[in-house]
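Have a look at the structure below, then the notes.
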Amino acid sequence: LDETDRLTELVRDLLDLSRLESGKFPLTLAPFDANELMRRNLINFEPRISEKGIEVQVELAEGQLYVMADANRINQVVSNIIDNAIKFMDGEDSRLRLRTRPEGKNVRFTIANNGPKIAEADLPYIFDRFYKADKAHTSGGGTGLGLSICQRIMQQHDSKITVRSDDNETAFEF
């Protein structure tokens with residue numbers, strides 16, 4: 001069953017990536033509240049966050065923070081990055097940080113954790129298909145396509161996703 005679930009996830013991710021690359025995954029642009037999207041993701045992941053004893057720091061911009069984008073695709077990016085962050089934290093003194101802030105007519109999303117550092121040698125490849133920086137977690141650790149899909153979604157939005165990682169924190173921003 002686990003292997004069937006993993007293969008199903010792989011096929012779904014491959015289809016998403018193929019559609020994104022072919023341009024057959026059109027964006028549905030509409031205004032949405034970036035803060036609300038972050039809150040909903042936090043609620044969705046609350047059981048896993050509690051199970052691992054992760055401390056959550058939420059730094060959302062004041063009030064409502066509207067952005068014109070495809071809410072479903074941005075939600076996919078946020079969800080994927082939070083999922084990865086939780087996956088690689090061990091629970092003891094673990095911290096997840098979610099932040100939004102306005103930047104002109106855009107919104108900067110930051111999702112960070114204090115889990116293991118991503119090696120400097122891995123950073124240039126982190127958004128490549130099937131690349132897994134953590135070679136020890138090859139089974140049950142995802143398809144290796146999630147960050148590549150995130151990058152394609154951000155490219156469709158004429159935006160970039162970046163990562164920085166040091167001994168204190170790994171942070172994805174877009």
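The values are calculated or read from the model by the stated rules, or taken from the named source; none is laboratory data. Being a predicted model, the structure only gives us computed values, none of them experimental. Cβ coordinates were reconstructed from backbone atoms using ideal geometry, including for glycine residues, and neighbour counts include every protein chain displayed. The protein model used for the area step is the full one, side chains on, heavy atoms only, and it has no ligands, DNA or RNA in it. Shrake-Rupley method; radii C 1.70, N 1.55, O 1.52, S 1.80 Å.
Solvent-accessible surface (1.4 Å probe) assigned to Arg129 amounts to roughly 110 Å². Semi-axis lengths, largest first, of the ellipsoid equivalent to the range 27-119 are 25, 13, 12 Å, with √(5λ) applied to each eigenvalue of the Cα gyration tensor.
Counting only protein heavy atoms and a probe of 1.4 Å, the accessible surface of the range 68-134 is 45% carbon and sulfur. Charge tally around Glu103: other residues with Cβ under 13 Å, Lys/Arg +1 each, Asp/Glu -1 each, net +4. About its Cα centre, the dipole of the range 44-132 is roughly 280 debye, where the only charges are +1 on Lys and Arg Cβ and -1 on Asp and Glu Cβ. In whole angstrom, how far apart do the alpha carbon centroids of the range 61-103 and the range 35-53 sit? Measuring centre to centre over Cα atoms gives 9 Å.
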